[in-house]
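The values are calculated or read from the model by the stated rules, or taken from the named source; none is laboratory data. Every value quoted in this text rests on a predicted model; they were computed, and no experiment measured them. Cβ placement follows ideal geometry from the backbone for every residue including glycine, while neighbour counts extend to all protein chains displayed. The area values use the complete protein model at the heavy-atom level, side chains included, leaving out ligands, DNA and RNA. Shrake-Rupley method; radii C 1.70, N 1.55, O 1.52, S 1.80 Å.
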Amino acid sequence: MKKIENILFWPVLILLFLSASKYGAMSNAIEFNDTYYIIVNSHSAGSFAAWLLVVIFLFKLIRRRHQVVNKKFALTYITLTLLLFGVFIGLGFVKGGSAAGNFTTADLDALMFRNQLKVACAEGCLLVQIIFLIYFFIQIVKKPAPSGA
């Protein structure tokens, strides 16, 4: 596998199909600081697909500048990003209890756990993206590799 960043094209395609399918109309509710945010899966999937396209372009820019991308970093980044975002979007498919208000204690515990897991995955995914941007800026600042004939 010569260009490891090309792996990211598969999640982009999957996310685009997800946002266009009937599952894109499902919503993901996140409670953060006593406020509920309702995010439609198609919006989060489409936005993240666009971000992954930008990441692919940035990896290509690094490859053009240095003729190589650090495979360990790229593989770790891809794995963590897809795992954290996959869990976040996957939890949006899990149905909660009814809105009638007849929740048991176990239902409320499960809802709170899923919400905490969603928030942790979203924050972890954001942290991984910030680490990628730091890596990108370091690679841009470094002296480019000499281009050989």
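Looking at region 24-42, which of its residues are touching a residue at least 60 places away in the same chain (Cβ under 8 Å) and open to solvent by 70 Å² or more (accessible area, probe 1.4 Å)? Scanning region 24-42 gives a single hit, 32.
Keeping to region 67-88, report how many residues are over 10 Å from the mean Cα position of the chain (by Cα) and open to solvent by less than 70 Å² (accessible area, probe 1.4 Å). Going through region 67-88 one residue at a time, the tally reaches 4. Taken as a whole, region 43-50 holds no residue that is surrounded by 13 or more Cβ atoms within 10 Å (Cβ to Cβ) and in contact with a Pro (Cβ under 7 Å, 6 or more places away or on another chain). Taking the criterion of being modelled with pLDDT under 80 and open to solvent by less than 70 Å² (accessible area, probe 1.4 Å), the residues of region 95-110 that qualify are 96, 97, 98, 101, 107. Residues in region 28-62 that are at pLDDT 75 or above and under 22 Å from residue 113 (Cβ atoms): 33, 34, 35, 36, 37, 38, 39, 41, 44.
Checking each residue in region 113-149 for being open to solvent by less than 60 Å² (accessible area, probe 1.4 Å), of a type in the set (A, V, I, L, M) and under 12 Å from the mean Cα position of the chain (by Cα) picks out 122, 128.
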